[in-house]
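Written below as structure tokens is the structure these notes are about.
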Amino acid sequence: MKNFKKLLALSLIVLFAFGILTGCGGNTANSGGGSDTPSQTEAKGKIGLVISTLNNPFFVTLKEGAEEKAAQLGYELVVLDSQDDSSKELSNVEDVLQQGIDVLLINPVDSDAVVNAVKLANDKNIPVITLDRSASGGDVKVHIASDNVAGGKMAAEFIIQQLNGKGKVVQLQGIPGTSAARDRGKGFEEAIKASEIEIIASQPADFDRQKGLSVMENILQAQPEIDAVFCQNDEMALGALQAIEAAGREGILVVGFDATDDAVKAVEEGKLAATIAQMPEAIGSLGVEYAHKVISGEQVPEYIPVDLKLVTK
Amino acid sequence: MNHTNLIARNRAVHNVLLKLRSVIGLLLLSAILSILSPRFLTYSNLLNVLRQTSLNAIIAVGMTFVILTGGIDLSVGSILAFSSAIAASMAHNNFSATIAILTGLLIGLLLGLINGLIVTQGNVPPFIATLAMMTMARGATLVYSNGQPITGLGEGFYLIGNGYIGQIPIPVIITIGVLLIAYYVLSQTRTGRYIYAVGSNENAAKLTGINIKMVKTLVYAISGFTAALSGIIITSRLNSAPPTAGSGAELDAIAAVVLGGTSLAGGEGHIAGTFIGALIIGVLNNGLNLLNVSSYYQQFVKGVVILIAVLLDRRKS
């Protein structure tokens, strides 16, 4: 009887897992093959990509850019997800170094915490390329990233121009202490300070849509007059938009960052004033391209800035 | 004679203070905030706090059931995300909002039930069982949504999170309903008494003939259901289901339960306390935003509040 119940529980779990797998068959078709079938075609080499999180559309697009380029150049790409956890990142790097990769592409969870992981690769003489976030130490061949400070400045300049140089703005910040939050905030604040526009509130909403909604709701309560909102990513901007709409406040300009699909759609619908497009696909793709150059022994520069662009209606 | 009377009275006063300490904490916090920010004590802001709190309060109600039996449910945030994703994709594919919402709730209930079965039939400690579910359900959400938020839910889905009945937001009304039902079940029904009995002394409960496994399975199912309900409201409020929805929700819910005076050891606590606990967290978040407190201080302050609450909990036992 007891065994029967165990069996029942187990089969429920299996059923659950099965349901998931069948529910999404279409999505996974081209992502899982890499590690199982190494000898299908003779790959030129193996590239490891350790990515900070696949929980965020931005990094998913970055990964897709890398995958596409790798397929095009004929490399096998091994992707590992650090789930925004630096210790997971370290063990991911250890694991991927065991697999005999030629170059390590790493998109760090945190610039300081990644240093040991970079040094591990250095010890094994595996060249390291950092993507999107830099590493504070260790030997890195190339750093490929969009210039977040310039992006923040771009957003500020757009707001200054739209408001004719006067008004009150609110800033929703990303996860405190991350370099993206720091740099975007820095570029934005410096440019705003040079104008007559006043930053009346700067609050963290952790790059999260749900928090963007609730933090914006609270700020709307505190501030009777708001002309524009700059959000350090699109997820927060879309949450803030929802809060502004629900509160029935009008004439507030919302500017996001990252140009995710949802945000670009909101810009087209005239809801979001603008978003700053990083090109995650280009970052991923350039990552693999420079990995190829490093493998072929070409000289490469230390820093490859990836262009940003302002997306408006 | 007089002396013993005094001690008894002292103890009575002490007990009342202990029972009310979360209420006192909430009032104190609110008083400080209304002095610091003239915007805090306005009708629209209080309604705003209630609506924000409702999301955590609903999850915390389910969590209270689990914690009363001496268990813990770490999977609520992930269950929330998975059931939201399913409901959102159904609404996106032109199913009626009612069917999409009911399916989402059913999935929450089912995942909770699976938690319960792993705990009772598999004899796995609740911490581990729900940790596994937390990871599995989050993973399933990411796989299902391919890491992208699911949007385009249509009009029908809008009402449950954004509508009003009279002056009161619908999420607040749902929360009050959930609180009343939970209060009734815990204080007026046999099942409620069994839940307390299992939490305070499992062996004794078993000897009196209570079906412990049934009770335990039930509380996880309830917790899964309330997580999904909160998820449906969040999805409606955001008009989308992000795969990251509800990450960290388990911590806020557990904090609300503990702040409300429910013992993590089980067997002791009440629903009203949980609601007060959720309000404390909601008021704190709201206040920090109103006062424009710097991001670095915010986390510190929240940590201190939780620490104080846990220390008080220890003193009680």
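Can you pull out the residues in region A:252-293 that are polar (S, T, N, Q) and closer than 25 Å to A:ALA43 by Cα?
A:SER285
Show me the helices (runs of 4 or more DSSP H) entirely contained within region B:159-218 in which 3 or more residues are of a type in the set (A, V, I, L, M) and surrounded by fewer than 19 Cβ atoms within 10 Å (Cβ to Cβ).
Hits in region B:159-218: B:170-188.
For residues in region A:283-313 being touching a residue at least 24 places away in the same chain (Cβ under 8 Å) and of a type in the set (D, E, K, R), which is surrounded by the most Cβ atoms within 10 Å (Cβ to Cβ)?
Selected residue: A:GLU289.
Looking at B:ILE276, B:ILE232, can you tell me which residue is under 25 Å from B:GLY163 (Cα atoms) and either at pLDDT 95 or above or assigned to a loop (DSSP other than H, G, I, E, B) (or both)?
None of the other options fit; the residue is B:ILE232.
Within the group B:SER240, B:SER236, which residue is buried (at least 22 other Cβ atoms within 10 Å of the Cβ), touching a Ser or Thr at 6+ places or on another chain (Cβ under 8 Å) and either among the small types (Gly, Ala, Ser) or away from chain A (no Cβ under 14 Å) (or both)?
Criteria check complete, one pass: B:SER240.
So A:ASP261 fits all but one of (1) among the charged types (D, E, K, R); (2) at pLDDT 95 or above; (3) surrounded by fewer than 23 Cβ atoms within 10 Å (Cβ to Cβ); what number is the exception?
It fails just one condition, (2).
Collect the residues in region B:111-127 that are assigned to a helix (DSSP H, G or I) and in contact with a helix residue (DSSP H, G or I) (Cβ under 7 Å, 6 or more places away or on another chain), keeping them in residue-number order.
Matches in region B:111-127: B:LEU111, B:GLY112, B:LEU113, B:ILE114, B:ASN115, B:GLY116, B:LEU117, B:ILE118, B:VAL119, B:THR120, B:PRO126.
So which residues in region A:180-237 are assigned to a loop (DSSP other than H, G, I, E, B), touching a helix residue (DSSP H, G or I) at 6+ places or on another chain (Cβ under 9 Å) and without any contact (Cβ under 8 Å) to a residue 24 or more places away in the chain, if there are any at all?
A:ALA194
What residue, of B:ILE101, B:ILE107, is more than 14 Å from chain A (Cβ to nearest Cβ), touching a residue at least 60 places away in the same chain (Cβ under 8 Å), within 22 Å of the chain's Cα centre (by Cα) and crowded, with 23+ Cβ neighbours inside 10 Å? Show your work before the answer.
Working: B:ILE107 fails: more than 14 Å from chain A (Cβ to nearest Cβ).
The match here is B:ILE101.
Taking only pairs six or more apart or across chains, which ones have beta-carbon atoms under 8 Å, a first residue in region B:284-298 that is under 19 Å from A:ILE226 (Cβ atoms) and facing chain A (nearest Cβ under 7 Å), and a second residue that is charged (D, E, K, R) and outside any helix (DSSP H, G or I)?
B:LEU290/B:ARG39
Kindly evaluate B:LEU251 against the criterion of being within 14 Å of chain A (Cβ to nearest Cβ), in contact (Cβ under 8 Å) with a residue 40 or more places away in the chain, assigned to a helix (DSSP H, G or I) and surrounded by fewer than 24 Cβ atoms within 10 Å (Cβ to Cβ). Walk me through it before giving the result.
Working: within 14 Å of chain A (Cβ to nearest Cβ): yes; in contact (Cβ under 8 Å) with a residue 40 or more places away in the chain: no; assigned to a helix (DSSP H, G or I): yes; surrounded by fewer than 24 Cβ atoms within 10 Å (Cβ to Cβ): yes.
No, not satisfied.
Residues in region A:180-195: is at least one surrounded by 17 or more Cβ atoms within 10 Å (Cβ to Cβ), among the aliphatic types (A, V, I, L, M), under 30 Å from B:ALA81 (Cα atoms) and more than 16 Å from the chain's Cα centre (by Cα)?
The answer is no; no qualifying residue exists.
In region A:168-216, which residue that is among the hydroxyl-bearing types (Ser, Thr, Tyr) and more than 19 Å from A:THR53 (Cα to Cα) is farthest from the other protein chains (Cβ to nearest Cβ)?
Here the answer is A:SER195.
Within the group A:VAL103, A:VAL114, A:VAL118, which residue is without any contact (Cβ under 8 Å) to a residue 60 or more places away in the chain and touching a Lys or Arg at 6+ places or on another chain (Cβ under 9 Å)?
Being without any contact (Cβ under 8 Å) to a residue 60 or more places away in the chain and touching a Lys or Arg at 6+ places or on another chain (Cβ under 9 Å) holds for just one of A:VAL103, A:VAL114, A:VAL118, which is A:VAL114.
Run down A:ILE244, A:ILE219 and say which single residue is more than 9 Å from chain B (Cβ to nearest Cβ) and over 20 Å from the mean Cα position of the chain (by Cα).
Details: A:ILE219 fails: more than 9 Å from chain B (Cβ to nearest Cβ).
Just one listed residue meets the conditions, A:ILE244.
Hey, among B:ILE72, B:ILE101, B:ILE59, which residue is among the hydrophobic types (A, V, I, L, M, F, W, C), at pLDDT 90 or above and assigned to a loop (DSSP other than H, G, I, E, B)?
B:ILE72
The values are calculated or read from the model by the stated rules, or taken from the named source; none is laboratory data. A quick note: this is a predicted structure, and the numbers were derived from the prediction, not measured. No Cβ is skipped: glycine too gets one built from the backbone with ideal geometry, and neighbour counts run over all protein chains shown.
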